[in-house]
Structure formats: C-alpha cells, structure tokens
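**Student:** Structure provided below as structure tokens; questions to follow.
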Amino acid sequence: MSVVKVWKCDSCGKLIEKKSDVYVLNMKSLPFKILGDPGAEDEINVIELHFCQECAKNIVESLKRIESTLGGRVCNVSA
Ligand SMILES: [Zn+2]
C-alpha cells in the first residue's frame, strides 16, 4: 500500500492530485489589537481556502456579479 498526498476542494470536496490544479483564496481580517494586552502588536485573522479549477471559476464569476451590483466600486477581479 502507498500513501498519496492530495488536496480537497473546500467547496465541492473533489480530491485534487496535482498541486498546479489547486487554487488558493486567502482572506484576511482588518488588523486589530487584543483588548487588555498593552503594547500588543496588531493581529490579523487569516483563512486560507483551496479550490478545484471549476469552483475557482465559479467564485470569480460570483465576484464579478457582486462587482456589477456595486456599480464598479470593486476593482481587479480577473478570470
Ligand atoms: Zn471544487
């Protein structure tokens, strides 16, 4: 028996064997400080999601629809 490393699409659950077929979406919160911790550095929450190509394309299309409803206030959405 052998072990194979794969990625799992965070949307549809499809298993992806090739790293070059994995699409990554990083989302970050605005910087914040933890209350009660004087001198604390800014913290940022980060979520990293992995998608197959089909789900990545669907996400881009969704972002384009959101952009169009906002009247072009969002920039740099590309396929
Ligand atoms: Zn998928």
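**Student:** Could you run through region 54-64 and say how many residues are more than 10 Å from the ligand (Cβ to nearest atom) and among the β-branched types (Val, Ile, Thr)? Lay out the reasoning, then the answer.
**Tutor:** The initial filter retains those residues of region 54-64 that are more than 10 Å from the ligand (Cβ to nearest atom), namely 60-64.
When the remaining residues are screened for being among the β-branched types (Val, Ile, Thr), the result is 60.
Summing the residues that are more than 10 Å from the ligand (Cβ to nearest atom) and among the β-branched types (Val, Ile, Thr) in region 54-64 gives 1.
**Student:** So the check is Cβ under 6 Å with 6+ separation or different chains; which pairs have a first residue in region 49-69 that's assigned to a helix (DSSP H, G or I) and a second one that's away from the ligand (no atom under 14 Å from the Cβ)?
**Tutor:** Listed by first residue and then by second, the contacts come to Val60/Ala79; Leu63/Val77; Lys64/Val77; Glu67/Val74; Glu67/Val77.
**Student:** Would you check which residues across region 20-53 are more than 12 Å from the chain's Cα centre (by Cα), within 16 Å of the ligand (Cβ to nearest atom) and loosely packed, with under 13 Cβ neighbours inside 10 Å and list them?
**Tutor:** Ser20, the sole residue that qualifies.
**Student:** Would you please name the residue that is nearest to the ligand (Cβ to nearest atom), looking only at residues in region 2-19 that are more than 12 Å from Leu49 (Cβ to Cβ) and outside any loop (DSSP other than H, G, I, E, B)?
**Tutor:** Residue satisfying both the conditions and the ranking: Ile16.
**Student:** For Asp10, state whether it is surrounded by 12 or more Cβ atoms within 10 Å (Cβ to Cβ), touching a Leu at 6+ places or on another chain (Cβ under 7 Å) and among the acidic types (Asp, Glu).
**Tutor:** Numbers: surrounded by 12 or more Cβ atoms within 10 Å (Cβ to Cβ): yes; touching a Leu at 6+ places or on another chain (Cβ under 7 Å): yes; among the acidic types (Asp, Glu): yes.
Against the criterion (surrounded by 12 or more Cβ atoms within 10 Å (Cβ to Cβ), touching a Leu at 6+ places or on another chain (Cβ under 7 Å) and among the acidic types (Asp, Glu)), Asp10 qualifies.
Where a number appears in this text, it was derived from the coordinates with a stated rule and is not lab data. If you're wondering where the values come from, they're calculated on a predicted model, not measured in any experiment. For neighbour counting, all protein chains shown are included, and Cβ atoms are generated from backbone atoms with ideal geometry for every residue, glycine included.
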